[in-house]
Amino acid sequence: MFRRVERVLIRIKDFFHKPSAAELKRRKAVEDYDYLRRHGVETELGYVSLIGKPHIGRINGARIIIGKGVVIVSDTQTNSAGINHPTFISAEAPGAVIKIEDGVGISGASIVTCSSITIGEQTMLGANVNIYGTDFHCLKAEDRLHQTNGTASAPTAPITIGKRCWLASNVTVLKGVTIGDEAVVGAMSLVNKNIPDKTVAAGVPAKVIREIG
(Lines give C-alpha, C1' and ligand atoms only; values in the text may rest on other atoms or scores of the structure.)
Protein backbone atom coordinates (compact mmCIF):
# COMPACT_ATOMS: atom_id res chain seq x y z
CA MET A 1 0.00 0.00 0.00
CA PHE A 2 2.83 2.40 0.94
CA ARG A 3 4.61 1.68 -2.37
CA ARG A 4 1.43 2.46 -4.31
CA VAL A 5 1.00 5.82 -2.56
CA GLU A 6 4.70 6.59 -3.09
CA ARG A 7 4.39 5.95 -6.84
CA VAL A 8 1.34 8.24 -7.11
CA LEU A 9 3.21 11.00 -5.28
CA ILE A 10 6.21 10.55 -7.59
CA ARG A 11 3.98 10.92 -10.67
CA ILE A 12 2.49 14.13 -9.26
CA LYS A 13 5.99 15.43 -8.50
CA ASP A 14 7.18 14.52 -12.01
CA PHE A 15 4.39 16.62 -13.51
CA PHE A 16 6.04 19.71 -12.04
CA HIS A 17 9.69 18.62 -12.01
CA LYS A 18 11.57 16.26 -14.35
CA PRO A 19 13.69 13.82 -12.30
CA SER A 20 17.44 13.61 -12.89
CA ALA A 21 19.15 10.65 -14.57
CA ALA A 22 20.48 9.56 -11.18
CA GLU A 23 16.98 9.63 -9.71
CA LEU A 24 15.57 7.62 -12.60
CA LYS A 25 18.34 5.04 -12.13
CA ARG A 26 17.57 4.84 -8.41
CA ARG A 27 13.86 4.30 -9.05
CA LYS A 28 14.60 1.56 -11.58
CA ALA A 29 16.83 -0.21 -9.05
CA VAL A 30 14.07 -0.05 -6.44
CA GLU A 31 11.48 -1.32 -8.95
CA ASP A 32 13.67 -4.28 -9.97
CA TYR A 33 14.47 -5.14 -6.36
CA ASP A 34 10.80 -5.00 -5.32
CA TYR A 35 9.81 -7.27 -8.21
CA LEU A 36 12.40 -9.91 -7.36
CA ARG A 37 11.69 -9.84 -3.63
CA ARG A 38 7.94 -10.20 -4.24
CA HIS A 39 8.76 -13.43 -6.07
CA GLY A 40 10.92 -14.76 -3.26
CA VAL A 41 14.35 -14.05 -4.75
CA GLU A 42 17.19 -13.50 -2.27
CA THR A 43 19.20 -10.48 -3.41
CA GLU A 44 20.06 -6.93 -2.37
CA LEU A 45 18.94 -3.51 -3.58
CA GLY A 46 20.89 -2.51 -6.68
CA TYR A 47 22.38 -5.96 -7.28
CA VAL A 48 20.26 -6.99 -10.29
CA SER A 49 19.31 -5.09 -13.44
CA LEU A 50 16.16 -6.30 -15.20
CA ILE A 51 15.53 -5.51 -18.86
CA GLY A 52 11.94 -6.61 -19.10
CA LYS A 53 10.43 -8.79 -16.40
CA PRO A 54 11.56 -12.42 -15.99
CA HIS A 55 9.14 -15.17 -14.95
CA ILE A 56 10.10 -16.38 -11.47
CA GLY A 57 8.79 -19.64 -10.00
CA ARG A 58 9.65 -20.77 -6.48
CA ILE A 59 8.02 -23.56 -4.48
CA ASN A 60 7.88 -23.10 -0.71
CA GLY A 61 11.12 -24.41 0.75
CA ALA A 62 13.12 -23.65 -2.41
CA ARG A 63 15.62 -20.81 -2.81
CA ILE A 64 16.69 -18.49 -5.64
CA ILE A 65 19.80 -16.46 -4.82
CA ILE A 66 21.14 -13.78 -7.16
CA GLY A 67 24.42 -11.92 -6.66
CA LYS A 68 25.73 -8.45 -7.44
CA GLY A 69 26.01 -7.02 -10.96
CA VAL A 70 23.70 -9.58 -12.58
CA VAL A 71 21.82 -8.52 -15.74
CA ILE A 72 18.70 -10.45 -16.79
CA VAL A 73 17.23 -9.66 -20.22
CA SER A 74 13.61 -10.61 -20.85
CA ASP A 75 12.54 -8.00 -23.40
CA THR A 76 12.54 -9.73 -26.79
CA GLN A 77 13.22 -6.45 -28.60
CA THR A 78 16.42 -5.50 -26.80
CA ASN A 79 18.79 -8.31 -27.85
CA SER A 80 19.96 -8.41 -31.46
CA ALA A 81 20.67 -12.16 -31.16
CA GLY A 82 16.89 -12.61 -31.01
CA ILE A 83 15.63 -13.99 -27.71
CA ASN A 84 12.40 -15.99 -28.07
CA HIS A 85 10.81 -15.40 -24.67
CA PRO A 86 11.35 -13.77 -21.28
CA THR A 87 13.85 -15.41 -18.95
CA PHE A 88 12.37 -18.19 -16.79
CA ILE A 89 13.94 -19.00 -13.42
CA SER A 90 12.14 -21.74 -11.51
CA ALA A 91 13.01 -23.81 -8.41
CA GLU A 92 10.29 -26.45 -8.47
CA ALA A 93 10.77 -28.61 -5.36
CA PRO A 94 11.32 -28.03 -1.62
CA GLY A 95 15.06 -27.82 -1.01
CA ALA A 96 15.86 -26.84 -4.60
CA VAL A 97 18.41 -24.04 -4.92
CA ILE A 98 19.28 -21.81 -7.88
CA LYS A 99 22.34 -19.67 -7.24
CA ILE A 100 23.39 -17.04 -9.80
CA GLU A 101 26.69 -15.50 -8.74
CA ASP A 102 28.10 -12.00 -9.25
CA GLY A 103 28.35 -10.50 -12.73
CA VAL A 104 26.34 -13.13 -14.61
CA GLY A 105 24.56 -12.08 -17.82
CA ILE A 106 21.36 -13.84 -18.95
CA SER A 107 19.25 -13.32 -22.09
CA GLY A 108 15.97 -15.16 -22.52
CA ALA A 109 17.19 -18.28 -20.70
CA SER A 110 15.18 -21.05 -19.06
CA ILE A 111 16.74 -22.14 -15.75
CA VAL A 112 14.71 -24.89 -14.05
CA THR A 113 15.54 -27.43 -11.36
CA CYS A 114 14.21 -29.64 -8.58
CA SER A 115 17.76 -30.07 -7.24
CA SER A 116 20.39 -27.33 -7.58
CA ILE A 117 21.86 -25.11 -10.27
CA THR A 118 24.90 -22.90 -9.68
CA ILE A 119 26.09 -20.39 -12.29
CA GLY A 120 29.55 -19.03 -11.51
CA GLU A 121 30.77 -15.44 -11.47
CA GLN A 122 30.90 -13.49 -14.75
CA THR A 123 29.48 -16.35 -16.79
CA MET A 124 27.47 -15.27 -19.84
CA LEU A 125 24.42 -17.09 -21.15
CA GLY A 126 23.61 -16.34 -24.80
CA ALA A 127 20.13 -15.99 -26.22
CA ASN A 128 17.67 -18.77 -25.37
CA VAL A 129 20.01 -20.97 -23.31
CA ASN A 130 18.22 -23.80 -21.47
CA ILE A 131 19.55 -25.19 -18.18
CA TYR A 132 17.41 -28.12 -17.09
CA GLY A 133 18.19 -29.79 -13.78
CA THR A 134 15.17 -32.04 -14.20
CA ASP A 135 13.73 -34.33 -16.88
CA PHE A 136 10.30 -32.73 -16.24
CA HIS A 137 8.57 -36.11 -16.82
CA CYS A 138 9.16 -39.69 -15.68
CA LEU A 139 10.79 -42.16 -18.06
CA LYS A 140 8.28 -44.99 -17.74
CA ALA A 141 4.96 -44.33 -19.48
CA GLU A 142 2.90 -45.63 -16.54
CA ASP A 143 4.71 -43.36 -14.09
CA ARG A 144 4.51 -40.43 -16.49
CA LEU A 145 0.76 -40.80 -17.04
CA HIS A 146 0.15 -40.93 -13.27
CA GLN A 147 2.60 -38.18 -12.38
CA THR A 148 0.73 -36.28 -9.68
CA ASN A 149 3.27 -33.85 -8.26
CA GLY A 150 4.59 -32.38 -11.49
CA THR A 151 8.25 -31.86 -12.24
CA ALA A 152 9.29 -32.97 -8.75
CA SER A 153 8.43 -36.59 -9.67
CA ALA A 154 10.93 -36.69 -12.54
CA PRO A 155 14.65 -37.58 -12.32
CA THR A 156 16.75 -34.61 -11.17
CA ALA A 157 20.43 -33.89 -10.49
CA PRO A 158 22.60 -30.85 -9.74
CA ILE A 159 24.18 -28.66 -12.41
CA THR A 160 27.31 -26.56 -11.84
CA ILE A 161 28.51 -24.01 -14.38
CA GLY A 162 31.88 -22.49 -13.55
CA LYS A 163 33.22 -18.96 -13.55
CA ARG A 164 33.70 -16.83 -16.68
CA CYS A 165 32.07 -19.35 -19.00
CA TRP A 166 30.36 -18.49 -22.29
CA LEU A 167 27.34 -20.51 -23.38
CA ALA A 168 26.38 -19.39 -26.88
CA SER A 169 22.82 -19.07 -28.18
CA ASN A 170 20.37 -21.96 -27.88
CA VAL A 171 22.67 -24.21 -25.83
CA THR A 172 20.87 -26.80 -23.69
CA VAL A 173 22.48 -28.12 -20.50
CA LEU A 174 20.97 -31.27 -18.95
CA LYS A 175 20.89 -32.52 -15.37
CA GLY A 176 23.98 -33.82 -13.59
CA VAL A 177 26.47 -31.79 -15.67
CA THR A 178 29.48 -29.77 -14.52
CA ILE A 179 30.97 -27.17 -16.86
CA GLY A 180 34.44 -26.03 -15.81
CA ASP A 181 35.73 -22.48 -15.37
CA GLU A 182 36.22 -20.40 -18.53
CA ALA A 183 34.74 -23.07 -20.79
CA VAL A 184 32.99 -22.09 -24.04
CA VAL A 185 30.03 -24.02 -25.46
CA GLY A 186 29.13 -23.51 -29.12
CA ALA A 187 25.69 -22.46 -30.34
CA MET A 188 22.93 -25.09 -30.52
CA SER A 189 24.95 -27.61 -28.49
CA LEU A 190 23.45 -30.21 -26.16
CA VAL A 191 25.53 -30.66 -23.01
CA ASN A 192 24.87 -34.01 -21.31
CA LYS A 193 28.40 -34.73 -20.00
CA ASN A 194 30.96 -32.77 -18.04
CA ILE A 195 33.13 -30.18 -19.82
CA PRO A 196 36.62 -29.43 -18.42
CA ASP A 197 38.01 -26.00 -17.55
CA LYS A 198 39.25 -23.78 -20.40
CA THR A 199 37.97 -25.88 -23.27
CA VAL A 200 35.69 -25.30 -26.25
CA ALA A 201 32.90 -27.84 -26.66
CA ALA A 202 30.24 -28.07 -29.36
CA GLY A 203 27.82 -30.46 -31.00
CA VAL A 204 24.89 -32.74 -30.22
CA PRO A 205 25.94 -34.14 -27.86
CA ALA A 206 28.66 -31.61 -27.05
CA LYS A 207 32.25 -32.80 -27.25
CA VAL A 208 35.49 -31.01 -26.48
CA ILE A 209 37.02 -29.77 -29.73
CA ARG A 210 40.01 -27.86 -28.39
CA GLU A 211 41.63 -26.33 -25.34
CA ILE A 212 41.81 -22.60 -24.69
CA GLY A 213 45.46 -21.59 -24.29
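Odds and ends about this structure:
- Accessible area (Å², per residue) of the chain, counting only protein heavy atoms and a probe of 1.4 Å: 55 Å²
- Relative contact order computed over the chain (Cα-Cα under 8 Å; 6+ residues apart), in percent: 11 percent
- Extended-chain gain in nm, criterion 0.36 nm per residue less alpha-carbon gap, HIS39 and LYS198: 53.7 nm
- When the stretch 56-188 is described by a simple charge dipole with +1 on each Lys and Arg Cβ and -1 on each Asp and Glu Cβ, the residue from GLY176, VAL129, CYS165 located farthest towards its positive end is GLY176.
- In a reduced charge model with +1 at each Lys and Arg Cβ and -1 at each Asp and Glu Cβ, the chain shows a dipole moment near 560 debye about its Cα centre.
- Amide hydrogen proximity for ILE111: with H placed 1.01 Å from N in the peptide plane, the residues at 5 or more positions away or on another chain lying under 5 Å are PHE88, ILE89, SER90, ILE131.
- Degrees between helix 21-38 axis and first principal axis of the chain (Cα, 0 to 90, nearest 10): 50 degrees
- For the stretch 70-203, with all protein chains in place and a probe radius of 1.4 Å, 51% of the accessible heavy-atom surface sits on carbon or sulfur.
- All-pairs alpha carbon distance profile, the stretch 29-117, 10 Å steps from 0, percent: 19, 53, 26, 2
- By a 1.4 Å probe calculation restricted to protein chains, LYS198 has an accessible surface near 100 Å², given to the nearest 10.
- At most 12 other Cβ within 10 Å, DSSP loop - trypsin sites (Lys or Arg not before Pro), the stretch 76-146: LYS140
- Within a straight-line Cα-Cα reach of under 28 Å, LYS193 can be paired with the following lysines, leaving aside sequence neighbours fewer than 8 residues apart in one chain: LYS99, LYS140, LYS163, LYS175, LYS207.
- When the Gaussian network model of the chain links Cα atoms closer than 10 Å, the mean-square fluctuations of ILE111, ILE59, ILE100 top out at ILE59.
- Over the residues of the chain, the helix contribution to mean residue ellipticity at 222 nm works out to -5500 deg cm²/dmol, using -39500 (n - 2.57) for each DSSP H run of at least 4.
- Relative contact order, percent, the stretch 161-201 [alpha-carbon distance under 8 Å, six or more residues apart]: 41 percent
- Taking every DSSP bridge with both residues inside the chain, close to 10 percent are antiparallel.
The values are calculated or read from the model by the stated rules, or taken from the named source; none is laboratory data. What you are looking at is a predicted structure, and each value in this text was computed from that prediction instead of being measured. Here the Cβ is made from the backbone with ideal geometry for all residues, glycine too, and neighbour counts use every protein chain on show. In case anyone asks, the SASA skips ligands and DNA or RNA and just uses the protein heavy atoms, side chains included. Shrake-Rupley method; radii C 1.70, N 1.55, O 1.52, S 1.80 Å.
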